[in-house]
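J.: First, the structure itself, so that you have it in front of you.
The values are calculated or read from the model by the stated rules, or taken from the named source; none is laboratory data. Since the model is a prediction, treat every value here as computed from it, not as a measurement. Ideal geometry is used to build each Cβ from the backbone, glycine not excepted, and the neighbour counts take in all protein chains shown.
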């Protein structure tokens, strides 16, 4: 029997974490074969009480630490884990009953694999216009089942052997704020010979409500992390293309996203489209499609704010930090 440690980092998200743990308690996988490790990254809400309330029907452990970020919290959970397989999900991820079994099936042979399952936006989280554009269009990303690209790793629903996780150093805790620390882990796992596989049956739902300002702030951090990611791995051309930060691209990106020529027009169109989406109750698809395109532009604008800010920093600010590069087992 494959034994799994589910690692959940959380920060001030008790009201959603309650449902996350309830879903894990209803897995069609033997409870003696898994545990849940909740790492509270300095919360000030009732997270501890929520976890304690679930302990009678779920093998769950609660660990508190001062706020240190998502990568550090995940590494702490991996250090505290008792089982050989680590399954990383987030505190706002609601798992279908078969998720643990789907992950376990790939690890049963003992092969060096990392298993990625799909994450879908929960319908109940679509409470504003921004959230209603999530998954408005189908996901056309091509993922290879048996040899998935590391650029498709999302640790909202990703499992790996603990031995392989620590052999590559765990999560890099020098990533700042939001974004790309999971893809970078996948990249290092792939470089170390771990085969990444896509398991479409291991479905989870993401219940996370945000608005445009919150998403823009996260994209600034994402752009900053993209530069760190690229520099860390030798400024590879393919990686630069994926991150859209190759030097040959940047003059065009600056003109489109940082010159300020298009942003006023996009925001004006967005206001009209958002208003239409509220008024046109019987035919909202067209204004929502327009909103979606405007949101994408503004998110890229924020991303390149972070990119160009990071590119202006001195190299020593990135690559000679005295902070630990990865977690320690």
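Results for (1) under 24 Å from residue 313 (Cβ atoms); (2) out of contact with any strand residue (DSSP E or B) (no Cβ under 9 Å at 6 or more places or on another chain); (3) buried (at least 17 other Cβ atoms within 10 Å of the Cβ), shown as yes or no for each residue.
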{"site": "217", "(1), (2), (3)": "yes, yes, no"}
{"site": "221", "(1), (2), (3)": "yes, yes, yes"}
{"site": "224", "(1), (2), (3)": "yes, yes, yes"}
{"site": "236", "(1), (2), (3)": "yes, yes, no"}
{"site": "254", "(1), (2), (3)": "yes, yes, no"}
{"site": "266", "(1), (2), (3)": "no, yes, no"}
{"site": "288", "(1), (2), (3)": "no, yes, yes"}
{"site": "295", "(1), (2), (3)": "no, yes, yes"}
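J.: Now for a separate question. Among the residues of segment 238-251, write down those that are loosely packed, with under 10 Cβ neighbours inside 10 Å and assigned to a helix (DSSP H, G or I).
T.: 238, 251
J.: So, one more: Do we have residue 104 as assigned by TED's automatic domain parsing to the domain that holds residue 123, in a loop (DSSP other than H, G, I, E, B) and either under 19 Å from the mean Cα position of the chain (by Cα) or within 19 Å of residue 161 (Cα to Cα) (or both) here?
T.: The answer is no for residue 104.
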